[in-house]
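Input: a single structure, listed below in structure tokens.
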Amino acid sequence: MKKYFLSVLIAIGCVAGAYAEVGKFQATSAAYKLYNYNSRRWSGWSDWTPTNILVVVDYDIDRVTIYSKNIQEYDVYATDSTGARDSNGETETFSCVDQDGKRCDIRIRRQYDGAVQIYVDYSDASLVYNVEPR
């Protein structure tokens, strides 16, 4: 009976200790660049625009939501589990489908100096948000 009771306590403790993995970020500024099909070139990045936007990365349901004026929802269908590292930081990449069914990549870039950026990359446009963890 003691073994059964102990097993139940351990199981309850494990369930109670489990929590959702959700990353929340506050975007403080945003920029974009566009692809010009005529010249076959990307534009330069736009000037930074101050923002106050919540970004939620929910690893449990594989979704990234950006609460801009028009809410952007991205369902993740693949993750680059290796991540990319260079001398300045690390990048985690998610392959996604947006609410309109368009494919894109979302990259979370964590610089070693503490800066964090979230990129939303389409074939013809790219958005970047400077974010701070919440």
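Just so it is clear, none of the values below were taken in a lab; they were calculated from the coordinates. Just so it is clear, the structure is predicted and the values come from calculations on it, not from any experiment. Cβ coordinates were reconstructed from backbone atoms using ideal geometry, including for glycine residues, and neighbour counts include every protein chain displayed.
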message: Using DSSP to call loops (not H, G, I, E or B), can you name the chymotrypsin sites (Phe, Trp or Tyr not before Pro) in the range 70-134 whose Cβ has at most 12 other Cβ atoms within 10 angstrom?
response: 112
query: Which whole-Hz ³J(HN,Hα) couplings does the range 110-120 yield from phi under the Karplus relation 6.51 cos²θ - 1.76 cosθ + 1.60, θ = phi - 60°, glycine and proline marked x?
result: 10, 6, 5, 7, x, 5, 10, 10, 10, 9, 10
- prompt: Mind listing which chymotrypsin sites (Phe, Trp or Tyr not before Pro) in the range 18-47 are in a DSSP loop and have 14 or fewer other Cβ atoms within 10 Å?
  reply: 19, 37, 45
- line: Along the dipole axis of the range 15-104 (charges at Cβ: +1 for Lys and Arg, -1 for Asp and Glu; origin at the Cα centre), the most positive-end residue among 42, 31, 68 is 42
statement: In the neighbourhood of residue 82 defined by beta carbon distances under 12 Å, the net charge of the other residues (Lys, Arg +1; Asp, Glu -1) is -2
message: Assuming 0.36 nm per residue, please report the length gained on full extension of the stretch residue 119 to residue 80 beyond their Cα-Cα distance.
response: 12.6 nm
